[in-house]
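Engineer: Handing you a structure now.
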Amino acid sequence: MPVTVTTPPTGHGANLALAATVTASSTHASFSVCGAIDGNSNQDDWEVSTGWNDGSPAVFPDWLAVEFAQPEQVSRVVVHTLDSSRIPGSGYGLRDWDVQVPANDTWLTVAAVRGNTVAPVVSSFATVTTAAVRILALASNDARYSRIVEFEVHA
């Protein structure tokens, strides 16, 4: 079910995802999709179900997308996947993904991350005006689940 956060971001470089509608390919158990855009990137809060975990184990790709009320200029995303002393990125974090924006009837990849074992990961790209941004998760380091603690989208 789509969830919208109504407090709009303010100022240059604000996290536009905080005021977006968020959807995902699937969601696991108590991990609500809105947890990925709640402003909480604290890895230690993962076990209280902040963040997004897909609901299809060992099946890729998965996706998490934010949609804006109006087109926005976007040039950077930050993905906080699992990576803490208790839950290391090399064991459980998102490894491979594409950052995509809609283009006609398809999705255009504007940045790609491969072989990741840490968090957060910043992807910068040429500014695009878009009504949505998605992370297409291609693989995780445990080959089981796509996990995003927090997803940020910036101008």
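Engineer: Just by accessible area at a 1.4 angstrom probe, what is the order of Asp105, Asp45, Asp54 from largest to smallest? It would help to have the intermediate numbers written out before the result.
Structural biologist: Values: Asp105 165, Asp45 50, Asp54 0 Å².
Output order, biggest surface exposure first: Asp105, Asp45, Asp54.
Engineer: Ala112 to Ser90: extension gain in nm, 0.36 nm per residue of separation minus the Cα-Cα distance? Show your work: numbers first, answer last.
Structural biologist: On the way: separation 22, 0.36 × 22 = 7.92 nm, distance 1.81 nm.
Separation in residues times 0.36 nm, less the Cα-Cα distance, equals 6.1 nm.
Engineer: Considering the Cα positions of the range 1-114, please state its Rg to one decimal place and its Dmax as a whole number of Å.
Structural biologist: 14.4, 42
Engineer: Further, regarding this structure: In debye, nearest 20: dipole of the chain around its Cα centre with unit charges on the Cβ of K, R (+) and D, E (-)? Could the numbers behind the result be given before it?
Structural biologist: Numbers: 7 positive and 15 negative charges, 45 e Å.
Taking the Cα centre of the chain as origin, the dipole is about 220 debye.
Engineer: Would you work out the charge dipole size for the range 87-154 about its Cα centre, treating the Cβ of every Lys and Arg as +1 and the Cβ of every Asp and Glu as -1, and quote it to the nearest 20 debye? Don't skip to the answer; put the middle values down first.
Structural biologist: On the way: 5 positive and 6 negative charges, 31 e Å.
With only Lys, Arg, Asp and Glu charged at Cβ, the dipole is about 140 debye.
Engineer: At q = 0.14, 0.15, 0.22 Å⁻¹, what log₁₀ I(q)/I(0) does the range 59-155 have when each alpha carbon counts as one equal point scatterer in the Debye sum?
Structural biologist: After summing over all Cα pairs, the log10 values are -0.48, -0.55, -1.07.
Engineer: Additional query: Determine the order of Thr21, Thr127, Thr117 by accessible area, beginning with the largest, at a probe radius of 1.4 Å. Write down the numbers at each step before the final one.
Structural biologist: Values: Thr21 40, Thr127 90, Thr117 65 Å².
Correct descending sequence by accessible area is Thr127, Thr117, Thr21.
Engineer: So with the 1.4 Å probe, I'd like the accessible area per residue for the chain, rounded to whole Å². Could the numbers behind the result be given before it?
Structural biologist: Working: 7140 Å² over 155 residues.
In whole numbers, the chain has 46 Å² accessible per residue.
Engineer: Additional query: Obtain the radius of gyration and the Kirkwood radius of the range 39-88 from its C-alpha atoms and give Rg over Rh.
Structural biologist: Numbers: Rg = 13.8 Å, Rh = 13.6 Å.
On the Cα set of the range 39-88, Rg over Rh gives 1.02.
Engineer: If I model a spin label as a point 7 Å beyond the Cα along the Cα-Cβ vector, how far apart are those points for Asn104 and Val59 in nm?
Structural biologist: Result: 3.0 nm between the two label points.
Engineer: Further question on the same structure: Compute the relative contact order of the range 3-144 as a whole-number percentage, counting only Cα pairs closer than 8 Å that sit 6 or more residues apart in sequence.
Structural biologist: Computed value for the range 3-144: 24 percent relative contact order.
Engineer: Ignoring ligands, DNA and RNA, what percent of the accessible area of the range 24-155 is carbon or sulfur (1.4 Å)? Kindly include the intermediate steps, with their values, before the conclusion.
Structural biologist: Details: 2770 of 5720 Å².
After summing per-atom areas, the C and S share lands at 48 percent.
Engineer: Once you put a point 7 Å from the Cα of Arg144 and another 7 Å from the Cα of Ser30, both along the Cβ direction, what distance in nm separates them?
Structural biologist: Using points 7 Å along Cα→Cβ, the separation is 1.7 nm.
The values are calculated or read from the model by the stated rules, or taken from the named source; none is laboratory data. Predicted, not measured: the structure shown is a model, and the values here were computed from it. Counting neighbours? That spans all protein chains shown, and the Cβs are built from the backbone with ideal geometry, glycine included. Accessible surface is based on the protein model in full, side chains and every heavy atom, while ligands, DNA and RNA are left aside. Shrake-Rupley method; radii C 1.70, N 1.55, O 1.52, S 1.80 Å.
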